[in-house]
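Reviewing the structure listed below.
The values are calculated or read from the model by the stated rules, or taken from the named source; none is laboratory data. Since this is a predicted model, take the numbers as computed values, not measurements. Neighbour counts run over all protein chains shown; Cβ positions are idealised from the backbone, glycine included.
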Amino acid sequence: MSLRSVGVLGTGKYVPERVLTNAELEKMVDTNDEWIVSRTGIKERRIAAEHEDTSDLAFRAAEVALAAAGITAEQLDLIVVATVTPDMAFPATACIVQERLGAKNAAAFDLSAACSGFIYGLANASNFIATGMYNYALVIGAECLSRITDYTDRNTCILFGDGAGATVLGPVEAERGFKSFVLGADGTGGELLKVEKGGSSCPTSELAAEAKPNSIYMNGREVFKFAVRIMGSAAEEALLKAGKTKEDIDLLIPHQANTRIIHAALERLNLPEHKCVINLPYYANTSAASIPIALAEAVEQERISQGDTLVLVGFGGGLTWGASVLVW
Ligand code: ACO
């Protein structure tokens, strides 16, 4: 069976209006702007309004991506939402988005691979299109991390923000599109980064009875070491699989977790900073939403031309990682 080339037809993003600055966090926990900026690069993050859930953010980003692609909601065959903060256990956030868009011909499911979720989603959706089973897919990364962040824990609360990014995928000419995907997981590192409550091992009924917090736990130092190692190696593996070299990269779109992690990846790939999208100072870590928001901003800012070689790379809880080479 011959496979079709699959590329990105449109991108979109949505971030909530409310900005939470480092100065405000200084009043909430024992931290300061200088520490946060020097250790992470983060200056501010967006926080969803009380009435906004993950599906609301996802829907807004999806509308922009569909308009950019010139595809109607009814033409969609598939909606994938990568998230660790779904509106509810089920129905899937993807089904809620499907209903709101009126994408009545689309299959819909959520995908949980933490910050690597968007790349996992792209790989899934592009395979459906490559084989000819589907023509158009909407892949969204969307998170309301503020809902699972403990704002009394200075180790984690400075790091996260809310937002959504979306892409419409479809068939493209042979020389364009996704040239490789690398996906990986190491469950032995699951303990390093987790939200362990609210699932079947500690249901919400127990949470309410014991007033247990249901928030992100992270061993920052260990995750940092893993991230520095895996960002470089996953990007290199994706380049190799695509038959390309570091010199071919026009733009790197990394997961936005920490500028020190991004700079380590740039060093390993011999890339100058202007060949990388860094919007972490304004949005912090939005998990599965970070790569599609960065991609949408690079498109908005006309930083990508047809034929450019992009490398998308991310890591996250699981532990998981993913990378892809995309010719625009
Ligand atoms: N303000 C001030 N001091 C702080 C803060 C804060 N917000 N947070 C921690 N500190 C203190 C610590 O208590 C520690 O003090 P001690 O030495 O007296 O114990 C000191 O600062 C240094 O702490 P470290 O953990 O060594 O700081 P580090 O330089 O490693 O930076 C950070 C911490 C930013 C969390 C870093 O480890 C990191 O970025 N790790 C990776 C995080 C990441 O990428 N997570 C991905 C999550 S993605 C997902 O799947 C949701």
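Need at least 3 residues that are among the hydrophobic types (A, V, I, L, M, F, W, C) and within 22 Å of the chain's Cα centre (by Cα) per element, so show me which helices (runs of 4 or more DSSP H) inside the range 13-111 make the cut, counting only ones lying wholly within it. If you could, list the steps in order and put the result at the bottom.
Values: elements: 22-28, 33-40, 54-69, 93-101.
Ranges flagged: 54-69, 93-101.
With respect to being surrounded by 24 or more Cβ atoms within 10 Å (Cβ to Cβ) and closer than 30 Å to T21 by Cα, H255 fits the description. Please tell me if V168 is at pLDDT 95 or above, out of contact with any Phe, Trp or Tyr (no Cβ under 7 Å at 6 or more places or on another chain) and part of a strand (DSSP E or B). Against the criterion (at pLDDT 95 or above, out of contact with any Phe, Trp or Tyr (no Cβ under 7 Å at 6 or more places or on another chain) and part of a strand (DSSP E or B)), V168 does not qualify. Among the residues of the range 106-117, is there at least one that is away from the ligand (no atom under 14 Å from the Cβ), among the charged types (D, E, K, R) and at pLDDT 95 or above? Checked the range 106-117: at least one residue is away from the ligand (no atom under 14 Å from the Cβ), among the charged types (D, E, K, R) and at pLDDT 95 or above. What is the residue count in the range 281-325 for residues that are in contact with a strand residue (DSSP E or B) (Cβ under 8 Å, 6 or more places away or on another chain) and part of a loop (DSSP other than H, G, I, E, B)? Final tally of qualifying residues: 9. Of the residues making up the range 263-304, those that are free of Cβ contacts under 8 Å to residues at least 60 places away in the same chain and within 14 Å of the ligand (Cβ to nearest atom) are H263, A264, A265. For the range 185-200, the count of residues that are of a type outside the set (S, T, Y), buried (at least 17 other Cβ atoms within 10 Å of the Cβ) and farther than 24 Å from G121 by Cα is at least one.
On the given criteria, is D87 farther than 24 Å from A185 by Cβ and in contact with a strand residue (DSSP E or B) (Cβ under 9 Å, 6 or more places away or on another chain)?
Values: farther than 24 Å from A185 by Cβ: yes; in contact with a strand residue (DSSP E or B) (Cβ under 9 Å, 6 or more places away or on another chain): yes.
Yes.
Between a first residue in the range 309-328 that is without any contact (Cβ under 8 Å) to a residue 60 or more places away in the chain and a second residue that is within 16 Å of the ligand (Cβ to nearest atom) and in a strand (DSSP E or B), which pairs have beta carbons less than 7 Å apart while being 6 or more apart in sequence or on different chains? Close Cβ pairs satisfying both conditions: none exist.
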